[in-house]
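Structure first, then comments.
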Amino acid sequence: MLRIENLTKIYGEHKAVDDLSLHIAPGEIYGFIGHNGAGKTTTLKSVAGILRFDAGEILIIKADPVGCKREMAYIPDNPDMYEFLSGIKYLNFVADIYGMGKAEREERITEYADMFEITKDLAQPVSAYSHGMKQKLAIISALMHKPKLLLMDEPFVGLDPIAAHQLKGIMRELCDEGGAIFFSTHVLEVAEKLCDKVAIIKGGKLLKSGPMEQVKGDASLENVFLELEEENV
């Protein structure tokens, strides 16, 4: 589904990502853990095609770049939207990009807007939305076309407990249907319960990766993360 091989991204003399290799298979929720500035966002943006990288390969679903983008979605940590549009116009704009038909988009918008409790707000301009509402709108826009690969950067930030619970259920359902998810998070308790596999990164370098139970062993993910951070000062 997604194979990252020896990915390297350099800013000036700083290696933001240093020879990173990961493989996310169909059916997997893969967590990406690290402190601020560890290289998580740079990696996700490189996979999404937003950033050019300096070395390595990123192989996604199929060789055709446009075909890949039709079957994937990316939710950034701070969604930038056309704030002059209303919520419903923004979602229809995204649906147009993916070539979704009228019946399909209406069904998906209704389903997810009701689920995330923003149906009554869709007529309002995005500029009037709180951060949490913008996050919900970004999530809905990413889910509408049923992506096979979902990339998310800190998706739970700003979500209320009910919305976070709904998102976790959707993530599991997407992977049960053969999709894959690669997402970063600082909420280690969520990652430990939700993820099939996890990768821990620091200073652009991969410290540890693999199945969740293998990575954390008899400890908690939080303890393993803190120990690795201390060992690699």
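The values are calculated or read from the model by the stated rules, or taken from the named source; none is laboratory data. The structure displayed is predicted, hence computed values, not measured ones. Heads up, the Cβs are rebuilt from the backbone with ideal geometry, glycines too, and the neighbour counts pull from every protein chain shown. Note: accessible area is taken over every heavy atom of the protein model, side chains too, but ligands, DNA and RNA are not part of it. Shrake-Rupley method; radii C 1.70, N 1.55, O 1.52, S 1.80 Å.
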Take the residues in segment 170-186 that are open to solvent by 30 Å² or more (accessible area, probe 1.4 Å) and out of contact with any helix residue (DSSP H, G or I) (no Cβ under 9 Å at 6 or more places or on another chain); name whichever of them is nearest to residue 26 (Cα to Cα).
178
Determine, yes or no, whether residue 110 is among the hydroxyl-bearing types (Ser, Thr, Tyr), at pLDDT 95 or above, surrounded by fewer than 16 Cβ atoms within 10 Å (Cβ to Cβ) and more than 29 Å from residue 30 (Cα to Cα).
no
Being under 13 Å from the mean Cα position of the chain (by Cα), under 28 Å from residue 103 (Cβ atoms) and open to solvent by 10 Å² or more (accessible area, probe 1.4 Å), is that true of even one residue in segment 148-161?
yes
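Which residues, taken from segment 113-137, are open to solvent by 10 Å² or more (accessible area, probe 1.4 Å) and small (Gly, Ala, Ser)?
123, 127, 128, 130, 132
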From 20, 44, grab the single residue that is in contact (Cβ under 8 Å) with a residue 40 or more places away in the chain, crowded, with 20+ Cβ neighbours inside 10 Å and part of a strand (DSSP E or B).
20
Those residues of segment 153-207 which are among the small types (Gly, Ala, Ser) and part of a strand (DSSP E or B), in sequence order
180, 184, 199
Within segment 187-207, can you find the residues that are open to solvent by 30 Å² or more (accessible area, probe 1.4 Å) and in contact with a helix residue (DSSP H, G or I) (Cβ under 6 Å, 6 or more places away or on another chain)?
192, 207
